[in-house]
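These notes are about the structure you will find just below.
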Amino acid sequence: MSNLEQTLSIIKPDAVERNLSEEIKQVFKNNDFKILKEKKIKLEKHEAEKFYQVHQSKPFYNDLCTYLSSGAIVVMILEKENAVLDNRKLMGATDPLKAENGTLRKKYGVSIDKNSVHGSDSTENAKIEIDFFFKN
Ligand code: CMP
């Protein structure tokens, strides 16, 4: 049975800054993801805090929000069969040092904070995150 899904992807400031956006978008396309919508934006700190509110009790929350709002990001709606899980596989482990060979974070990530890409962790959060950036 088909399970066409959408997920939210962010190319984070470390990757945008190094001009890796086009290369990373090409990796998604090569792995059968369709980029349904995309935009390049810069968040205010309070917007990053809202986006990452699920992490607000974590010790790294403030630094995480400062970082995500530190430069331009590219946000995208990706679509394919099993998009949520397949995107997480393609990204690899959160910490680039632990990410598997061939994953985006292994190839491009520089640290657990500057790990180049974000992807929704569930279909439920994908809907919330897509609405956050693309609902008018
Ligand atoms: P992301 O998938 O965008 O979701 C939350 C982010 O918090 C994560 O990627 C990491 O970049 C960042 N982060 C920083 N420190 C940690 C940590 N100790 N554990 C998990 N995530 C962390």
Within region 96-122, can you find the residues that are crowded, with 16+ Cβ neighbours inside 10 Å and in contact with a Ser or Thr (Cβ under 8 Å, 6 or more places away or on another chain)? Pro96, Leu104, Arg105, Tyr108, Gly109, Asn115, Val117, His118, Gly119, Ser120
In this structure, does Ile35 turn out to be away from the ligand (no atom under 16 Å from the Cβ) and touching a Leu at 6+ places or on another chain (Cβ under 8 Å)? yes
Residue check for Val84: crowded, with 20+ Cβ neighbours inside 10 Å and farther than 16 Å from Val16 by Cβ: yes
Evaluate the following for Ile10: is it touching a Lys or Arg at 6+ places or on another chain (Cβ under 9 Å), part of a strand (DSSP E or B) and closer than 19 Å to Asp131 by Cβ? no
Answer from Ala48, Ala93 - the residue that is among the aliphatic types (A, V, I, L, M), surrounded by fewer than 18 Cβ atoms within 10 Å (Cβ to Cβ) and closer than 17 Å to Asn115 by Cβ: Ala93
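Taken together, the values in this text are just the output of simple stated rules run on the coordinates, not laboratory data. All values reported here derive from a predicted model rather than from experimental measurement. Note that each Cβ is placed from the backbone with ideal geometry, even for glycine, and that neighbours are counted across all protein chains shown.
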